[in-house]
Amino acid sequence: MRRAATGRPAEIRWGLSVAPSRVPDVAHNGDALVHADGLTKRFGDFAAVNGIDLRVERGEAFGFLGPNGAGKSSTMRMIACVSPRTGGELSVLGMDPNRDGPQIRARIGVCPQLDNLDNELTVRQNLHIYGRYFGLSRAQVRAKAVELLDFAQLAERADDEVEPLSGGMKRRLTIARSLINDPELLLLDEPTTGLDPQARHLLWDRLFRLKQEGVTLIITTHYMDEAEQLCDRLVVMDGGKIVAEGSPAGLIAQYSTREVLELRFAPGTQADAVPDVADLADRVEVLPDRLLLYADDGEAALKAAHNRGVHPLSSLVRRSSLEDVFLRLTGRTLVD
Amino acid sequence: MRTSTGTAIGPARSALMVIEAFWTWYKRNWRSSAVSSILSPLLFLIALGLGFGSQVRAGDATLGLPYVQYLAPALVCAAAMQTAAFESTFPVLSSFKWQRNYIAVTATPIGPKALVGGVLAWIAVRLAVSGAVFMAVAALLGALTGPAALLALPVSILTGMAMAAPIVAYSSTIETEGQQFNAIFRFIVMPMMMFSGTFFPVEQLPGWAQPVVWATPLWHGTELARGLSFGGVDPLAALGHTAYLLALFAAGAYLCTRTFTRRLAV
């Protein structure tokens, strides 16, 4: 049997070790780590990023949400100083990426969307060689690697080749590698895409720890639960622009209601009930088999609907989530 | 306040660190490439130099030398050319596309240009390693005319690099699975190996083919390696060969900095 099956660390903590803070714990003090003004990236005629403004403060966990092609990754690449901007202003760690790219890259960590580890080297060697690119001595990288292997729960696999590791292990190694230079700013592009729930929770736990240690995090994600868990503040991007900005709770308050009532009907009959319930909610959304009623009191709306003779197959009252905000802002149409 | 331990290192140190990473890999994986880059040129030297060469009478065509000694300085260049071509194709494509480790490197203080320096320098190290092994075995087999024949080693590295730099530039533009490389091996590397004066003098070829041969880096390398090994080389000719190889390398390296930057900093 492959060791991968038994190599899972024994004491995975399922809960999160630190409660997510929903409020930025750093005041706007002019010490913005990232500051963009009218930031633009064009590829030919296509504007991937179309004049965005943002500020990320030191110590913050900042998120980019948006459908595919919204411009999140292009923005991340400009902040990571690997993609020259086409227009606007950008400062990272108080420096200009156009002029000080290597100096900025020396002090940040990047966890790319696609793992780009050296598969034919061992886990430990991957950390060693990467650290050397940041000017660290052999003794420094050796010591740091031990610490990071522990942090990423990869100590048992330290001297195994990377290739046969599971996706979650490779992801953890990629994150560990991005920390080799003790970055002040960590950029994570879809850090948990493709991972199983155990691996995601472990990664979240690690990211919380980093935040506690004062690392500023910038995260792109498709997962609303991830954004709610991790981010103090986030922006929703669509079509290269920022369409909303705020804390997860603030965005829900601003763009959705406190609760959502879901009424499920036999497909095709759902629209018949719309006239009866339209005034029970701030907004009614018609899906192929359901009606979504955005209301502050879902139970009251349900009761009112029953009283009016509306009898869905099933009903559900739930709290509004960031996903509701996201879908409202960027639409339900599939983006490819 | 948290402060990072990272610093931006200069281009020379960057190249050195890239070499260090390749070396780490090579120490684990050298066996996989040893057959093609080290063993096969030695088999050529034994089969053609000693075996077939035993049937070749020393004469004008062999510059008065036993065939194996005539062959050795040229063969180390041909082997370098071949190894260089291989190291410049699939490994480069993989580093952009499959393993994507160039993308990992350029997320660090090391930029695309410094990376090019490291990638090319590493190929030179590879050529030096396999060339040195070849020379050592050639010396044991009595295939070297004397200490001067060791000069073929640096010439072979230069020859290989004149081949590697332009091919690396080309490989860095490839977006496909690398089918194009087979054409390079079949229609450039193999004919160059056969007809650039490695095994027999170019004068034996038809007149129209000779200018084509003069354009190849391998012919220049071969002429230079033999001239230095056996002595009596015309200094001006030696300078010309060196300049031609350096020019090919420089042009290729310049193109690499452009293509790497275009692909990695978009």
Fill in: Checklist (1) within 10 Å of chain B (Cβ to nearest Cβ); (2) at pLDDT below 95; (3) part of a helix (DSSP H, G or I) applied to A:R172, failing item
(1)
Worksheet item: Does at least one position in segment A:260-269 carry a residue that is surrounded by 12 or more Cβ atoms within 10 Å (Cβ to Cβ), free of Cβ contacts under 8 Å to residues at least 60 places away in the same chain, among the hydrophobic types (A, V, I, L, M, F, W, C) and under 29 Å from A:D238 (Cβ atoms)?
Response: yes
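For residues that are in a helix (DSSP H, G or I) and charged (D, E, K, R), scanning just segment B:21-61, find the one that is farthest from the chain's Cα centre (by Cα). Even if it seems obvious, please write down each step before you answer.
So the first thing to find is which residues in segment B:21-61 are in a helix (DSSP H, G or I), and the list is B:21-55, B:60-61.
Then keep just the ones that are charged (D, E, K, R); that gives B:27-28, B:31, B:60.
Values: B:K27: 20, B:R28: 22, B:R31: 19, B:D60: 29 Å.
Per the stated criteria, the residue is B:D60.
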Practice prompt. Return yes when A:E147 is within 13 Å of chain B (Cβ to nearest Cβ), surrounded by fewer than 23 Cβ atoms within 10 Å (Cβ to Cβ) and either in contact (Cβ under 8 Å) with a residue 60 or more places away in the chain or closer than 19 Å to A:L210 by Cβ (or both) and no when it is not.
Written response: yes
Fill in: Unmet criterion (only one of (1) of a type in the set (D, E, K, R); (2) over 30 Å from A:F64 (Cβ atoms); (3) touching a residue at least 24 places away in the same chain (Cβ under 8 Å)) for A:D272
(3)
Practice prompt. Among the candidates B:L39, B:L93, B:L48, B:L63, single out the residue that is among the aliphatic types (A, V, I, L, M) and either facing chain A (nearest Cβ under 10 Å) or free of Cβ contacts under 8 Å to residues at least 12 places away in the same chain (or both).
Written response: B:L39
Worksheet item: Applying the selection to segment A:83-111, what residues are without any contact (Cβ under 8 Å) to a residue 40 or more places away in the chain and touching a helix residue (DSSP H, G or I) at 6+ places or on another chain (Cβ under 7 Å)?
Response: A:P84, A:M95, A:P97, A:I104
Worksheet item: Tell me, which residue of segment A:222-249 that is among the acidic types (D, E) and assigned to a strand (DSSP E or B) is surrounded by the fewest Cβ atoms within 10 Å (Cβ to Cβ)?
Response: A:E245
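Does B:I167 satisfy the condition of being more than 14 Å from chain A (Cβ to nearest Cβ), modelled with pLDDT of 95 or more and in a helix (DSSP H, G or I)? Outline the logic, then answer.
Working: more than 14 Å from chain A (Cβ to nearest Cβ): yes; modelled with pLDDT of 95 or more: yes; in a helix (DSSP H, G or I): yes.
So B:I167 passes the test.
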Worksheet item: For residues in segment B:96-116 being of a type in the set (A, V, I, L, M) and more than 7 Å from chain A (Cβ to nearest Cβ), which is surrounded by the most Cβ atoms within 10 Å (Cβ to Cβ)?
Response: B:V116
Response to the item:
Going through segment B:12-25 in order, the residues found to be more than 10 Å from chain A (Cβ to nearest Cβ) and crowded, with 16+ Cβ neighbours inside 10 Å are B:A15, B:I19
Fill in: Residues located in segment A:58-100, provided they are under 23 Å from the mean Cα position of the chain (by Cα), within 12 Å of chain B (Cβ to nearest Cβ) and charged (D, E, K, R)
A:R58, A:R77, A:R85
Discussion item. Go through (1) over 30 Å from B:Y170 (Cα atoms); (2) part of a helix (DSSP H, G or I) for B:G64 and report which single condition fails.
Written reply: (2)
Discussion item. Please determine whether any residue of segment B:239-255 is in contact with a Gly (Cβ under 6 Å, 6 or more places away or on another chain) and among the aliphatic types (A, V, I, L, M).
Written reply: no
Fill in: Residues of segment A:290-312 satisfying the condition of being surrounded by fewer than 21 Cβ atoms within 10 Å (Cβ to Cβ) and farther than 16 Å from A:L327 by Cβ
A:D296, A:D297, A:E299, A:A300, A:K303, A:A304, A:H306, A:N307, A:R308, A:G309, A:V310, A:H311
Discussion item. Checking the conditions here, which among B:T145, B:T108 is within 27 Å of A:L136 (Cβ to Cβ), of a type in the set (S, T, N, Q), out of contact with any Asp or Glu (no Cβ under 8 Å at 6 or more places or on another chain) and not in a helix (DSSP H, G or I)?
Written reply: B:T108
Item to complete: Considering every residue within segment B:219-235, establish whether at least one is modelled with pLDDT under 95 and on the phi > 0 side of the Ramachandran plot.
Response: yes
Response to the item:
Output for Cβ contacts, cut-off 7 Å, separation at least six or different chains, first residue farther than 18 Å from A:Q254 by Cα in segment A:275-296, second surrounded by 20 or more Cβ atoms within 10 Å (Cβ to Cβ) and of a type in the set (S, T, N, Q), reads none
Item to complete: Being more than 8 Å from chain B (Cβ to nearest Cβ) and assigned to a helix (DSSP H, G or I) is the filter here, so list the residues in segment A:129-143 that pass it.
Response: A:G131, A:R138, A:A139, A:V141, A:R142, A:A143
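If a residue has to be away from chain B (no Cβ under 14 Å) and over 10 Å from A:L90 (Cα atoms) to count, how many in segment A:33-51 make the cut?
To start, the set of residues in segment A:33-51 that are away from chain B (no Cβ under 14 Å) comprises A:34-40, A:45, A:47, A:50-51.
Remaining after also requiring over 10 Å from A:L90 (Cα atoms): A:45, A:47, A:50-51.
Count: 4.
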Discussion item. Just to be sure before I move on: is B:R2 surrounded by 14 or more Cβ atoms within 10 Å (Cβ to Cβ), at the interface with another protein chain (Cβ under 9 Å from one of its Cβ atoms) and not in a helix (DSSP H, G or I) in the structure I sent?
Written reply: yes
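Mind counting the residues in segment A:270-283 that are surrounded by fewer than 19 Cβ atoms within 10 Å (Cβ to Cβ) and among the β-branched types (V, I, T)?
Taking segment A:270-283 first, the residues surrounded by fewer than 19 Cβ atoms within 10 Å (Cβ to Cβ) are A:271-272, A:274-276, A:278-279, A:282-283.
Checking the rest, the ones that are also among the β-branched types (V, I, T) come to A:274.
Looking only at that region, the number is 1.
Each row is one residue, and each column tells you yes or no for (1) of a type in the set (A, V, I, L, M, F, W, C); (2) closer than 30 Å to A:R105 by Cα.
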position	(1), (2)
B:K113	no, yes
B:G117	no, yes
B:W122	yes, yes
B:A139	yes, no
B:L144	yes, no
B:L158	yes, no
B:A165	yes, yes
B:M190	yes, no
B:P201	no, no
Worksheet, complete the sentence: Taking segment B:168-198 and keeping only residues that are among the aromatic types (F, W, Y) and either buried (at least 21 other Cβ atoms within 10 Å of the Cβ) or within 18 Å of B:C256 (Cα to Cα) (or both), one is left with B:Y170, B:F181
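Please tell me if A:N126 is among the polar types (S, T, N, Q), closer than 16 Å to B:T24 by Cα and part of a loop (DSSP other than H, G, I, E, B).
Against the criterion (among the polar types (S, T, N, Q), closer than 16 Å to B:T24 by Cα and part of a loop (DSSP other than H, G, I, E, B)), A:N126 does not qualify.
The values are calculated or read from the model by the stated rules, or taken from the named source; none is laboratory data. Keep in mind that what you see is a predicted model, and the values were worked out from it rather than measured. Positions of Cβ are backbone-derived with ideal geometry, glycine not excepted, and every protein chain shown enters the neighbour counts.
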